[in-house]
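Notes to accompany the following structure.
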Amino acid sequence: MTDRFNATLKGTESSVAAVWTPIHIVVGLTILAAMLCRFILRWRFGAPVPPEAEIAPLRWLAGAVHVGLYLDMIGAALIGLAVYFAYPALAPLHEFLTRLALMALVALHAAGALWHHFYWRDEVLVRMLRPVRD
């Protein structure tokens, strides 16, 4: 998409087929809708409580990673819309959020889940795979 975007700004042809632009937009809007729904559900119903044995700094890190994931995915989609419809100068920020920042947050999230599963041997990873029932 970067190649296609830059070619459009320069008024030249891109090696990327034009069909990818609407696909990219639809995928971005789908991610935005899913993340907003997920955010509303989490706000309305809350999140499972962290394990009692988890130490405060790791509990803080887990919360920060979750907030970061929400901000990144919602923000990247909104900035992507802004880039396409009004502010092309924000394209590097959109690219940063969808590549480097998101991959770092996903890696931290996965590492935390695996840490819980293999080191602490608690139910955190299982909770992510199936809903908690009261």
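The values are calculated or read from the model by the stated rules, or taken from the named source; none is laboratory data. Since the model is a prediction, treat every value here as computed from it, not as a measurement. Using ideal geometry, Cβ is built from the backbone for each residue, glycine included, and neighbour counts are taken over all protein chains shown.
Summary table
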{"read-out": "Pick from the stretch 76-85, criterion at pLDDT 95 or above and surrounded by fewer than 18 Cβ atoms within 10 Å (Cβ to Cβ), ranking: nearest to Ile25 (Cα to Cα)", "value": "Leu81"}
{"read-out": "Condition met for Leu41 (assigned to a helix (DSSP H, G or I), under 30 Å from Asp122 (Cβ atoms) and not hydroxyl-bearing (Ser, Thr, Tyr))", "value": "yes"}
{"read-out": "Single unsatisfied condition, Asp72 versus (1) surrounded by 14 or more Cβ atoms within 10 Å (Cβ to Cβ); (2) modelled with pLDDT under 95; (3) of a type in the set (D, E, K, R)", "value": "(2)"}
{"read-out": "Residues located in the stretch 61-88, provided they are of a type outside the set (A, V, I, L, M) and either in contact with a Ser or Thr (Cβ under 7 Å, 6 or more places away or on another chain) or not in a helix (DSSP H, G or I) (or both)", "value": "Tyr87"}
{"read-out": "Residue count, the stretch 48-65 (criterion: small (Gly, Ala, Ser), touching a residue at least 12 places away in the same chain (Cβ under 8 Å) and within 18 Å of Ala110 (Cα to Cα))", "value": "1"}
{"read-out": "Given (1) at pLDDT below 95; (2) part of a helix (DSSP H, G or I); (3) farther than 25 Å from Asn6 by Cβ, number of the condition Pro50 does not satisfy", "value": "(2)"}
{"read-out": "The stretch 89-122 - residue that is out of contact with any Ser or Thr (no Cβ under 9 Å at 6 or more places or on another chain) and touching a residue at least 60 places away in the same chain (Cβ under 8 Å) and, of those, surrounded by the fewest Cβ atoms within 10 Å (Cβ to Cβ)", "value": "Trp120"}
{"read-out": "Every pair of residues 6+ apart whose Cβ atoms lie under 6 Å, when the first sits in the stretch 19-35 and is closer than 13 Å to Gly80 by Cβ while the second is of a type in the set (Val, Ile, Thr)", "value": "Met35/Ile74"}
